[in-house]
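Working notes, structure below.
FYI, it's all coordinate maths here, none of it is from the lab. As the structure is a computational prediction, the values presented were derived from the model and not from experiment. As a convention, Cβ positions derive from the backbone with ideal geometry for all residues, glycine included, and neighbour counts pool all protein chains shown.
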């Protein structure tokens, strides 16, 4: 049946009358134009949405037949169509959603998109809301950057449609979640219970663990059965760990946690597992001035004292022998379960150099070595076996009066000497340098220096009790103070000085005490 013109006009009039400006309707895209989109909203009516309301991405994805929500801005425009707005329809629907969320306390999803005075801007489906700085988290955040641009849930606190004012909070939702977690956690908090938690904070004295709405303290002494310097050696912030509830105070809600208690204390069976004399292997975990700590197993460390690292009598610093992380073999020397101490030795798994010295050397044997140390009382000579032997200052010369070993040898000099004694138990070995030659006091000196004979010698030093003179062959003699011919001034230093060559007379040769007595008096030669 064909409608007449007046019937058509009547039908359109009824249609426009049923459509109200400000209404939100659902339409279907009929066509896409360069300047906008034609939408069928029913009632045999068509509307137009300007292209400015669509982003380039949206225009590229639109297809004829797609549904779209529109807001009726004007019943009829210049082309005789309804003037529609997609943006206003979307914004009104968001406002309706926000109003519903405010009334019922529902959470809404949004993104933090920027900073403003006193807080942040949050985009909620195209509507910009204000998030006060105090409402971002339960505690003030030092850095909000990780939250920027992420989808987060918020609670609507205040809404003013006329002023387009929306205030939201993230903190309220987090506090509600914490209360729920805390209530759930409290039902599981029992002494001896093993719970999972997240490391929240690390201090010098321990670790705070979030058990779910309630924090517990894991003291540094309850982290390991062994020795640790700082909790950060074991844990890091944000790490999930399992802990044992050691104590829970329901009144104060204070929770004390343990970590090492998940495993038995290795020190309870240390004497059975590591008896004295047993060889063990472990890792060097710490080096100090007095030794090195070796970890035999988790929570169990032994000390190798610096004196038990090497057989050398003057051991070097432990760091010269060992490095942290190195695997070593040692011998158990002592176990003290009560004091939680384990003494180890590295040197005793190797043969003692003194055992080798006792086997290789004998008294009277010639040896060679390098001068390592000079002291006031003698010289230490290093032998190939790694031990130091002593040449006493009295064994450096048969005839000379040595004031310091540096007069005879130098540090680093390679020398030969004769073995005088060996005591492996006391770890001592004595050498002699003068013994390389025959003792001149037995034959040469008595024959060379006869009583009453006159010789020439070099003045070595002048003392209150006499003048020391070096004779031929390096022997020394003493002019007694009573045998000195003094000048008219009374000061012998006025006429004689060290280095002068002077005539003297032999008045005493004591081979037992190894002394030669001299005199300046009654000389047959002319005196000056």
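Report the antiparallel proportion of the DSSP beta bridges in the chain as a percent, rounded to a multiple of 5.
Antiparallel: roughly 90 percent of the beta bridges in the chain.
Using the Cα atoms of region 248-365, I'd like the radius of gyration and the largest Cα-Cα distance, Dmax, both in angstrom.
19.6, 85
Based only on other Cβ atoms within 10 Å, what is the fewest-to-most ordering of 248, 465, 154?
465, 248, 154
If you project the alpha carbons of region 179-269 onto their three principal axes, what span does each projection cover, largest first, in Å?
So the three principal-axis extents are 40, 28, 21 Å.
Taking the chain as the reference, fit the longest principal axis to its C-alpha atoms, fit the long axis of helix 5-18 to the helix C-alpha atoms, and give the angle between the two in degrees, 0 to 90, nearest 10.
In the chain, helix 5-18 runs at an angle near 40 degrees to the longest axis.
Rounded to the nearest 500 deg cm²/dmol, what is the calculated helix-only ellipticity per residue at 222 nm for the chain, with -39500 (n - 2.57) per DSSP H run of length n ≥ 4?
-4000 deg cm²/dmol
Which of 59, 81 comes first, and how do the rest follow, when ranked by fewest Cβ neighbours within 10 Å?
59, 81
Any idea what angle helix 171-186 forms with the longest principal axis of the chain, computed on alpha-carbon atoms, 0 to 90 degrees, nearest 10?
60
According to the square roots a ≥ b ≥ c of the eigenvalues of the Cα gyration tensor, what is the shape class of region 444-519, taking rounded for a/c under 1.5, prolate for a/b larger than b/c otherwise, and oblate for the remainder?
The shape class here is prolate.
Determine the equivalent ellipsoid of the chain by diagonalising the alpha-carbon gyration tensor, then write out the semi-axes as square roots of 5 times the eigenvalues, largest first, rounded to whole Å.
109, 31, 21
If one takes the longest principal axis of the Cα atoms in the chain, at what angle in degrees, from 0 to 90 and to the nearest 10, does the Cα axis of helix 86-104 lie?
70
Which of 95, 398 comes first, and how do the rest follow, when ranked by fewest Cβ neighbours within 10 Å?
Least to most surrounded, the residues fall as 95, 398.
More than 17 angstrom separation, counting every C-alpha pair in region 353-436; what % is that? Display every interim value, and only then the final one.
On the way: 1374 of 3486 pairs.
Here the long-distance tail beyond 17 Å is 39 percent of all Cα pairs in region 353-436.
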